[in-house]
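My structure is below; once you've seen it, I'll send some questions.
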Amino acid sequence: VNIQFFEPQTLQEAARLLQHHGPDARPLAGGTDLVVQARTGKKPLPATLVHLGRIPEMNAMAMDEDGVLHLGARVSHAEVEQSPAVLERWTAMADAAAIVGSPATRHIGTVGGNLCNGSPAMELGGPLLVFDARLRLVAPESERILGLAEFFVGPGATARAPEEVLAEVLIPPLTGRSGSVYLRLEFRKAMEIAVVGATAAVQLDEAGAISDCRLALTAVAPVIIRVPEAEAALRGQRPSEDVLAEAGELARAAASPIDDVRAPAAYRHDMVKVLTVRALRKALERAG
Amino acid sequence: MLEAAPQDLALSNGGVSVRGVPDRFVTLAEIATRAMDLTGPLWGRGAVETLPMPSEAGAGCAGRAMLPAFTEPTFCTHAARVRVDTETGVVTVLEAVSAQEVGCAINPVGVEGQMEGGLVHGIGNALTEHTVFQDGMTLNPGFLDYKLMTASDAPAIKTAIVETPSAVGPFGGRGVGEPPVIAIAGAIGNAIRAGAGVHVTRMPMTPDRVYEALREREGRR
């Protein structure tokens with residue numbers, strides 16, 4: 001198989017290459033999805049690979065003066081997992097990055113690759129969704145900022161146009177007494193893939209009531225989803241097991257899991273409630 | 001039960017019948033049940049001489065040197081301590097013990113390694129490993145979805161080597177690698193039953209099956 005391989009030095013050059021080579025070209029970040037999909041016969045490698053490894057700004061992770069975290073799309077899961085800023089503020093993201101695949105996957109797999117692959121089972125999607133992350137997409141002559149919820153279109157499908165390069169992920173600052181967690185149902189301790197995942201982020205007011213809450217569910221719908229009904233039910237409440245159980249029930253109702261080789265739909269449905277309640281409990285503990 | 005002389009009895013089809021009178025038949029289960037009432041549990045003893053392996057067989061994995069030992073019986077006992085997450089059905093093996101008759105432990109460290117590796121493989125058999133077919137196709141042909149236990153999943157393991165030399169194996173050795181894969185699933189199933197009160201009767205005992213069994217028990221209460 002002849003595959004053309006390009007290593008552009010700038011975002012615009014990468015976008016131009018993607019545009020020039022059309023739909024047969026794909027951007028390559030860590031390759032942990034692209035190459036594995038080709039090896040297992042799911043999707044052959046594209047005719048043209050545009051490797052993004054030589055674009056310095058894509059590898060950067062920094063906080064700006066407004067407290068917004070700029071996460072270059074080429075930042076690896078391992079870098080996210082070990083980042084003091086992430087561990088301190090956006091804890092759910094560290095939880096997620098720490099359990100992606102294997103150590104090898106985490107060192108070479110990237111934030112941008114995880115998002116652009118568009119799997120409803122991706123680990124980083126839930127945390128980034130509850131943190132209201134936005135994406136900077138660069139085209140040859142323009143660029144745009146898109147909210148993550150608008151980016152997820154379906155299983156394996158995103159709003160990224162073929163000529164667009166995901167440059168970075170922007171994560172707004174968190175305020176007040178807040179805590180967040182990503183929990184994944186695990187059948188073994190390593191090399192797992194989400195069968196059900198839940199992300200919870202809570203903020204408490206001075207009296208200890210829940211002033212804000214965000215919930216996301218992983219691998220139980222065509223895309224990773226927020227659960228506004230459960231979030232609304234929690235806002236203003238003082239945390240109690242009854243309140244959490246009610247939110248878990250609303251999350252369960254919002255999920256639409258499928259039957260597959262990993263688990264039956266009915267089991268996944270029930271686990272949504274269990275994972276949601278556990279994630280909320282842990283997020284409250286971290287906020288406390 | 002059959003009112004016949006022992007020499008007129010024939011053992012077949014999971015029971016005993018009177019020779020020439022096939023209608024007069026009792027199952028082994030009926031006999032065992034009756035024995036419990038009358039004399040106590042059935043027990044017996046026996047011996048078998050292992051047959052020599054045909055000389056043309058077994059040029060494969062272990063070569064001819066090990067071959068004679070393949071027909072020698074080996075015995076092992078496994079025990080497991082597990083944690084059952086009753087909300088999710090996820091079972092974690094915390095500790096596993098294997099006592100195994102190995103013939104002569106020619107290389108004891110190697111023997112222990114095989115017992116430990118076999119146990120971890122057996123835990124996978126018990127809890128997560130299964131091939132899922134649909135229309136003749138395997139749906140989980142890779143190790144992402146055919147779930148072996150990983151090194152991180154290995155529990156604390158204790159091994160006990162029991163040496164009862166084989167008459168035919170090299171230096172009295174017996175096959176060591178496969179027995180530790182087999183019995184641990186039974187130990188795990190019994191541990192789940194002891195701890196969580198449910199008997200999961202299908203292998204592997206995946207979280208959804210354990211969860212289903214737990215829910216059925218809740219329903220019966």
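Can you work out which of the residues in the stretch A:106-118 that are in contact (Cβ under 8 Å) with a residue 40 or more places away in the chain and out of contact with any Leu (no Cβ under 6 Å at 6 or more places or on another chain) is farthest from A:L148 (Cα to Cα)?
Per the criteria, the residue is A:I108.
Could you tell me which residue of the stretch B:125-143 is surrounded by the most Cβ atoms within 10 Å (Cβ to Cβ), considering only residues that are out of contact with any Pro (no Cβ under 7 Å at 6 or more places or on another chain), within 14 Å of another protein chain (Cβ to nearest Cβ) and part of a loop (DSSP other than H, G, I, E, B)?
Filtering the stretch B:125-143 for residues that are out of contact with any Pro (no Cβ under 7 Å at 6 or more places or on another chain), within 14 Å of another protein chain (Cβ to nearest Cβ) and part of a loop (DSSP other than H, G, I, E, B), the one surrounded by the most Cβ atoms within 10 Å (Cβ to Cβ) comes out as B:N140.
For the stretch A:174-215, name all the residues that are within 14 Å of chain B (Cβ to nearest Cβ), buried (at least 20 other Cβ atoms within 10 Å of the Cβ) and among the basic types (K, R).
A:R184
Just the residues that are assigned to a strand (DSSP E or B) and not aliphatic (A, V, I, L, M), please, taken from the stretch B:146-161.
B:K158, B:T159
Have a look at A:A85, A:A29, A:A25 and point out the one that is farther than 30 Å from B:A151 by Cβ and within 18 Å of the chain's Cα centre (by Cα).
Only one candidate passes the filter, namely A:A85.
Given the condition within 20 Å of A:A78 (Cα to Cα) and crowded, with 18+ Cβ neighbours inside 10 Å, answer yes or no: does some residue in the stretch A:146-161 qualify?
No, every residue in the stretch A:146-161 fails to be within 20 Å of A:A78 (Cα to Cα) and crowded, with 18+ Cβ neighbours inside 10 Å.
Pairs please, first residue from the stretch A:1-24 and touching a residue at least 60 places away in the same chain (Cβ under 8 Å) and within 11 Å of A:L52 (Cα to Cα), second anywhere and surrounded by 13 or more Cβ atoms within 10 Å (Cβ to Cβ) and of a type in the set (F, W, Y), Cβ atoms under 9 Å, 6+ apart in sequence or on different chains.
Close Cβ pairs satisfying both conditions: A:A14/A:F6.
Still on this structure, please answer the following. Any residue at all in the stretch A:216-231 that is more than 13 Å from every other protein chain (Cβ to nearest Cβ), in a helix (DSSP H, G or I), free of Cβ contacts under 8 Å to residues at least 60 places away in the same chain and under 30 Å from B:R209 (Cβ atoms)?
Scanning the stretch A:216-231 turns up at least one residue that is more than 13 Å from every other protein chain (Cβ to nearest Cβ), in a helix (DSSP H, G or I), free of Cβ contacts under 8 Å to residues at least 60 places away in the same chain and under 30 Å from B:R209 (Cβ atoms).
Related question: Go through A:D212, A:D242 for me and flag whichever is in a helix (DSSP H, G or I) and either closer than 21 Å to B:G89 by Cβ or at pLDDT 95 or above (or both).
Step by step, each of A:D212, A:D242 is checked, and only A:D242 is in a helix (DSSP H, G or I) and either closer than 21 Å to B:G89 by Cβ or at pLDDT 95 or above (or both).
A further question follows. What residue, of A:E7, A:E13, is in contact with a Lys or Arg (Cβ under 9 Å, 6 or more places away or on another chain), surrounded by fewer than 20 Cβ atoms within 10 Å (Cβ to Cβ), modelled with pLDDT of 95 or more and acidic (D, E)?
A:E7
Sticking with this one: Of all residues in the stretch A:251-263, count the ones that are at the interface with another protein chain (Cβ under 8 Å from one of its Cβ atoms) and buried (at least 17 other Cβ atoms within 10 Å of the Cβ).
2
Also, I was wondering about something else. Are any residues in the stretch B:82-124 more than 12 Å from every other protein chain (Cβ to nearest Cβ), surrounded by fewer than 20 Cβ atoms within 10 Å (Cβ to Cβ) and closer than 30 Å to A:M271 by Cβ, and if so, which ones?
B:R83, B:L94, B:E95, B:H121, listed by residue number.
Tell me which residues, restricted to the stretch A:126-175, are of a type in the set (G, A, S) and modelled with pLDDT of 95 or more.
A:G126, A:A133, A:A139, A:S142, A:G147, A:A149, A:G154, A:A157, A:A159, A:A161, A:A167
If we keep just the residues of the stretch A:267-276 that are buried (at least 22 other Cβ atoms within 10 Å of the Cβ) and of a type in the set (A, V, I, L, M), which is farthest from A:L215 (Cα to Cα)?
A:M271
Within the stretch A:89-185, considering only helices (runs of 4 or more DSSP H) that don't extend past its boundaries, which have at least 2 residues that are over 13 Å from the mean Cα position of the chain (by Cα) and closer than 20 Å to A:P27 by Cα?
The helices (runs of 4 or more DSSP H) meeting that bar are A:103-108.
If you don't mind, there's one more thing I want to ask. Considering only the stretch A:38-82, how many residues are buried (at least 18 other Cβ atoms within 10 Å of the Cβ) and either in a helix (DSSP H, G or I) or in contact (Cβ under 8 Å) with a residue 40 or more places away in the chain (or both)?
18
Report yes if B:A79 is more than 16 Å from B:E178 (Cα to Cα), more than 14 Å from every other protein chain (Cβ to nearest Cβ) and within 17 Å of the chain's Cα centre (by Cα), otherwise no.
For B:A79, the condition - more than 16 Å from B:E178 (Cα to Cα), more than 14 Å from every other protein chain (Cβ to nearest Cβ) and within 17 Å of the chain's Cα centre (by Cα) - is met.
For the stretch B:181-221, which positions are in a helix (DSSP H, G or I), closer than 22 Å to A:L185 by Cβ and among the hydrophobic types (A, V, I, L, M, F, W, C)?
B:I188, B:A191, B:I192, B:A196, B:V210, B:A213, B:L214, listed by residue number.
Given (1) surrounded by 24 or more Cβ atoms within 10 Å (Cβ to Cβ); (2) closer than 27 Å to A:G156 by Cβ, identify the lone condition not met by A:L280.
Status for A:L280: all satisfied but (2).
Out of curiosity, is A:I258 within 18 Å of the chain's Cα centre (by Cα) and on the phi < 0 side of the Ramachandran plot?
So A:I258 does not fit the description; no.
The values are calculated or read from the model by the stated rules, or taken from the named source; none is laboratory data. This structure is a prediction, so every number in the text was calculated from the model and none was measured. When we count neighbours, we look across all protein chains shown, and the Cβ atoms used for this are built from the backbone with ideal geometry, even at glycine.
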